[in-house]
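Colleague: Sharing a structure with you now.
The values are calculated or read from the model by the stated rules, or taken from the named source; none is laboratory data. Values in this document were obtained by computation on a predicted structure and should not be read as measured data. Here Cβ is always computed from backbone atoms with ideal geometry, including for glycine, and neighbour counts include all displayed protein chains. The accessibility values were calculated without ligands, DNA or RNA, using every heavy atom of the protein model including side chains. Shrake-Rupley method; radii C 1.70, N 1.55, O 1.52, S 1.80 Å.
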Amino acid sequence: MPAIQQSPGSLPTPANLAKPVVEKVASQIAAKLGYTPGCDLEKIVKDLGGVVKYENWGEEGRDGSLEVTPGQSPHFVIRLASFAGHLRNRFTIAHELGHYFLHSNVGQKEITVAREGSGRVEWEANWFAGAFLLPEAQFKADWEKYGHSIPRIVGVYQVSEAVVEIRLNNLKMQ
């Protein structure tokens, strides 16, 4: 598949929310959508009117993108690299949902964004993804329940060890 061409009008702009606000929003959205640790994120995307597609991008270093097209069906598409593993894909889906909620006004604004770079828009989507996949209150309770075991948390939440470690650091639990 050729690289996604982005027009200046379709580039996302930062929400410019503080990290704790983004994390609170993500946790609230996860609860509203009925997210439970390890659940099927593709079903959540479908329930929101979107679709997940797997692409054969090769080893270009790109692992995901989001296209939001209001008024069309589906009104958003999350594209994932076919070579990425299950845990990576789950984080990428949550990351792209961050763009959907924070940068497309919940699907009202047309945007196209490829997961590249490290600017403010990408930081916000990463903050969203971490808090969506590991909501603070439940994550803290499970951290205690599972005896501070990163491998057990990985198994329950279906995220990588790196995601768990970053969340622990962000919540000052390590």
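Here is a yes/no grid of residues against (1) modelled with pLDDT of 95 or more; (2) under 27 Å from Leu171 (Cα atoms); (3) not hydrophobic (A, V, I, L, M, F, W, C):
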{"site": "Lys19", "(1), (2), (3)": "yes, yes, yes"}
{"site": "Ala31", "(1), (2), (3)": "yes, yes, no"}
{"site": "Gly49", "(1), (2), (3)": "yes, no, yes"}
{"site": "Thr69", "(1), (2), (3)": "no, no, yes"}
{"site": "Phe83", "(1), (2), (3)": "no, no, no"}
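Colleague: Collect the residues in region 148-174 that are surrounded by 15 or more Cβ atoms within 10 Å (Cβ to Cβ), among the basic types (Lys, Arg) and over 16 Å from the mean Cα position of the chain (by Cα), keeping them in residue-number order.
Modeller: Arg152
Colleague: Here is a follow-up. Asn169 fails exactly one of the following numbered conditions: (1) in contact (Cβ under 8 Å) with a residue 24 or more places away in the chain; (2) assigned to a helix (DSSP H, G or I). What is the number of that condition?
Modeller: Every listed condition holds for Asn169 apart from (1).
Colleague: Looking at region 123-136, can you tell me whether even one residue there is more than 20 Å from Leu41 (Cα to Cα) and more than 15 Å from the chain's Cα centre (by Cα)?
Modeller: no
Colleague: Taking strands (runs of 3 or more DSSP E) that do not extend beyond region 32-147, which have at least 1 residues that are surrounded by fewer than 16 Cβ atoms within 10 Å (Cβ to Cβ) and free of Cβ contacts under 8 Å to residues at least 40 places away in the same chain?
Modeller: 50-55
Colleague: Out of region 94-109, which residues are within 17 Å of Thr69 (Cα to Cα), touching a Gly at 6+ places or on another chain (Cβ under 8 Å) and at pLDDT 95 or above?
Modeller: Those that are within 17 Å of Thr69 (Cα to Cα), touching a Gly at 6+ places or on another chain (Cβ under 8 Å) and at pLDDT 95 or above: Glu96, Tyr100.
Colleague: Name the single residue that is farthest from Ala26 (Cα to Cα) among those in region 139-167 being out of contact with any Pro (no Cβ under 9 Å at 6 or more places or on another chain) and of a type in the set (Asp, Glu).
Modeller: Among residues in region 139-167 that are out of contact with any Pro (no Cβ under 9 Å at 6 or more places or on another chain) and of a type in the set (Asp, Glu), the one farthest from Ala26 (Cα to Cα) is Glu144.
Colleague: Can Thr13 be described as open to solvent by 60 Å² or more (accessible area, probe 1.4 Å), in contact with a His (Cβ under 9 Å, 6 or more places away or on another chain) and outside any strand (DSSP E or B)? Walk me through it before giving the result.
Modeller: Details: open to solvent by 60 Å² or more (accessible area, probe 1.4 Å): yes; in contact with a His (Cβ under 9 Å, 6 or more places away or on another chain): yes; outside any strand (DSSP E or B): yes.
Yes.
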